[in-house]
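First the structure, in the form of C-alpha cells, and then the observations on it.
Derivation of every value follows stated rules applied to the coordinates shown; laboratory data play no part. Just so it is clear, the structure is predicted and the values come from calculations on it, not from any experiment. Counting neighbours? That spans all protein chains shown, and the Cβs are built from the backbone with ideal geometry, glycine included.
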Amino acid sequence: MGFDVKDYLDLVRLLQEHPEWRAELRRLILTDELLALPELVRELADAQRRTEERLLILTERIDALAEAQRRAEERMGRLEAVVEELAEAQRRTEERVGHHEELLQALLESHKRLVEIVGDLKGRMLELTYRDRAAAYFGPLLRRMKVVDPYELEEVLRAHLSEKEFRDILWLDLLVCGQPRVRPEIAELWLAVEISSVVDRGDVERAERRAMTLRRAGYRAIPVVAGERLTQGAEDESRERRVVAVRDGHILFWEEALSAWVEGT
C-alpha cells in the first residue's frame, strides 16, 4: 500500500492535533545524538556565556593590575625624583660642611696664632716689668742689687765660653747681681732669670743651663724662673733641681737653691 499526499496531510493534521505524537515521531526518526543536540547546544551556550563572564572578570582584573602598575610606576618615578633630590641635598650639605670645617680649621689656626702672639706679648711685657721693678722683686733677696746687661760681661764670658755658649747667655731674660741678705759672707751672687707668663719645664731647664754656663765663666750664679703662674711640672722641676721660682711676686725655693748652689760652688 503506497503513501500519498493525502496520507501525508492526514499525518501532519494528526501530529498537529496530538503534540505527544510529534515527540514519539522524532524519537523514532532521529538518532540519540541528534536528539541530544539541542541540549548540547544549550550547554555549549552556557559554557560560552560562563567563559565570556570569566574573560570579562579576567579583563577587569588585568585592567586593574595595569592601573596598579601604572600607579606604582608613577610612585616609583616620584620616589626616584625624591631620592635624587635628597642625594643632591646631601651633596650640597657635605659641601657646606666641608666649607665650614675649613673655616673652623682656619679659625682655630688664627686663634692659635693669636694665643701665641698674646702669650709672647705678655711675656715681653712681663720681662719689662721685672726689669723695671727688679728691686721690688729681688730686693728682699739681695743687697746693693743691680740689673746687668750680659754684654757688660762680654770680655770675661768670651774668655771662658764658646761662641754658642756666649750667645746663649745673651738670650737671658734678666741678669741680676747683689749680695745675699741671708748670707752676708757671700760678696756677690748672680741670678740668671728666665721670665714667662706661664712658666713651664723648658723655662726651668733654660734657667739652669744658663746659670751653669755663667758659673763656668766664674760667676756664682743661681737659676731663677719667674712668671704669673707655674705649671705643675715646672713647680716640681724647680723644687727638684733647686731652682728659685717667682710666682706672681712670691718667692719659692730660695733657701733650698741658695744652699744647693752656694755650697756647691
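Summary table
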read-out	value
Relative contact order, percent, the stretch 133-263 [alpha-carbon distance under 8 Å, six or more residues apart]	19 percent
Arg113 versus Gln69: modelled label distance in nm, points set 7 Å from Cα along the beta carbon direction	6.7 nm
The stretch 134-228: trypsin sites (Lys or Arg not before Pro) in DSSP loop, at most 15 other beta carbons within 10 Å	Arg181
Highest-fluctuation residue, Val148, Val224, Val204 considered, GNM on the chain with Cα pairs under 10 Å	Val148
Between the stretch 212-250 and the stretch 138-197, the alpha-carbon center distance in angstrom	13 Å
q = 0.15 Å⁻¹: log10 I(q)/I(0) that the Debye formula gives for the stretch 133-263, counting C-alpha atoms only	-0.64
Lys164-Asp248 FRET efficiency (beta carbon distance; Förster radius 25 Å; 0.05 resolution)	0.15
Hydrodynamic radius by Kirkwood, which averages 1/r over all alpha carbon pairs of the chain, in angstrom	28.5 Å
Most positive-pole-ward Cα, Leu107, Thr51, Leu175, against dipole of the chain from beta carbon charges	Leu175
Zone residues, the stretch 156-172, relative to Arg216, backbone N less than 13 Å from point 7 Å out along Cα-to-Cβ	157-169
Pairwise label distance in nanometres, Leu58 with Trp171, each label 7 Å out on the Cα-Cβ vector	9.8 nm
Under 13 Å from Lys146, Cα to Cα: aspartates and glutamates that are on another chain or at least 8 residues apart	Asp132, Glu188
